[in-house]
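Each remark here refers to the structure printed beneath this line.
The values are calculated or read from the model by the stated rules, or taken from the named source; none is laboratory data. Note that the structure is predicted; figures quoted are calculated from it, not measured. FYI the Cβ positions are ideal-geometry reconstructions off the backbone, even for glycines, and counts take in every protein chain you see.
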Amino acid sequence: MSIYNVGVSGYNAYLIQAEKNVLIDTVPFEYAGELKKNIGEYISVEELDYIVINHTSYERCSSLCELLKIKPDVAVISTVSGLKNIHEQLNGDFNELLAKSNMTLRLDTNNTLKFFITHNIDWPDSMMTYMDGILFSCDAFSDEGKGIEGYYIENLSHMSDFVYSAMCFLETVDIAKILPASGEEISDCKGAIKLYKELSEPYDGDNRKVSVIYYSKTGNTEKLAKRCEQFGISIYNVADYSKKELLDVIYKSRGVIFATPTHNRNIPFEMASLLMSINHFKITDKLFASFGSYGWSGEAPNLVYSILRARHFETYSSPFRYLFSADEFSLSEFDKFIKAFYEKIINI
């Protein structure tokens, strides 16, 4: 039995050459020709018995159609949702084999594949394939030039609960080598699993913590953000923290207020990027609000509410908006707004 990386341009695909020949994942469609050439250095595509699709994203699956033109009867192995996705991508039938959790597939006398269903790492269709100490981990432990921690933060952290569950399981498996869908093979498997487990470990937020996350260009929004501290509310300037740190603040708080000015009738990029990165799996029993200064039309706080409500997050009352620098009347009304929000949180 031999294993070869026949991937292209940083996208890994693994050929297992045994009595039954297996390809683990494919590469983006534009590299299909190179994938076929790389496979051909060891066997012909016609000699493939199985193609395992651990995940049906474009990067991992889109060359499958080209391989099926050469070997239409090859058995394609994936999860329930994976096979469904492949049907939709191919718009046709193929020789499918459903992978179930811990199902095994014998390749020869000494080698057997086992499938671990790992939903939502990072799609619902995801799984991993295992063989005699080797884990074909698909997106988990990938790199793409970011390092495995950077890849996790950017691509998998929004599914941390699922990652954590998978890592708890992988700790029980004898793994000597991890072969991810991108990046180099990993020999410190216990270290990689430990890192992922620490990054994804669940935590309970403070049942009464209220936080203001603000962006301020001229200081007008910052002035009122700092005013919130008199109510025992913690404030965070998006310019001073990483996105991961700010997301941790959101997840650990019971109430979150986004403070933002309006820029070109929109939400400033720094705030919009944070809002779009919130993991809805981690938003339970939280209340959100927004306020901000504006000089012309003042859409940003309302747009914040639109995004939150579109994702079915609970919002408080209406956003608080004020022109330029708040006058005494606006300050008084703002204090009422913040105090009412805070009291609603502590009395939940």
| remark: Residue hits (region 286-301; under 23 Å from residue 344 (Cβ atoms) and polar (S, T, N, Q)) are 290
| query | If we scan region 185-200, do we find a residue that is outside the structural domain of residue 289 (by TED's automatic domain parsing), outside any helix (DSSP H, G or I) and charged (D, E, K, R)? | reply | yes
| said: Test of understanding: among 182, 187, which residue is among the small types (Gly, Ala, Ser) and under 21 Å from the mean Cα position of the chain (by Cα)? | reply: 182
| said: Checking the conditions here, which among 58, 14, 31 is modelled with pLDDT under 95, within 19 Å of residue 180 (Cα to Cα) and within 26 Å of the chain's Cα centre (by Cα)? | reply: 58
| note | Counting only residues that are in contact with an Asp or Glu (Cβ under 7 Å, 6 or more places away or on another chain) and modelled with pLDDT of 95 or more, region 194-215 contains a total of 3
| message | Could you list, ordered by first residue, the pairs with Cβ atoms under 6 Å in which the first is in region 89-101 and free of Cβ contacts under 8 Å to residues at least 24 places away in the same chain and the second is assigned to a loop (DSSP other than H, G, I, E, B) and exposed (fewer than 12 other Cβ atoms within 10 Å of the Cβ), at least 6 apart or interchain? | response | 95/73
| field | Close pairs from region 294-306: first touching a residue at least 40 places away in the same chain (Cβ under 8 Å), partner small (Gly, Ala, Ser), Cβ under 6 Å, at least 6 apart | value | 300/292; 301/290; 301/292; 304/290
| query | Looking at (1) under 21 Å from residue 143 (Cβ atoms); (2) buried (at least 22 other Cβ atoms within 10 Å of the Cβ); (3) not acidic (Asp, Glu), which is the one condition that is false for residue 22? | reply | (1)
| task | Looking for whichever is over 24 Å from residue 75 (Cα atoms) and either of a type in the set (Phe, Trp, Tyr) or in a helix (DSSP H, G or I) (or both) here; the options are 145, 150. Which one fits? | result | 150
| note | Over region 1-29, the set of residues within 12 Å of residue 42 (Cα to Cα), part of a loop (DSSP other than H, G, I, E, B) and of a type in the set (Ser, Thr, Tyr) is none
| message | Given the criteria among the β-branched types (Val, Ile, Thr), assigned to a strand (DSSP E or B), crowded, with 20+ Cβ neighbours inside 10 Å and not assigned by TED's automatic domain parsing to the domain that holds residue 124, does residue 178 qualify? | response | no
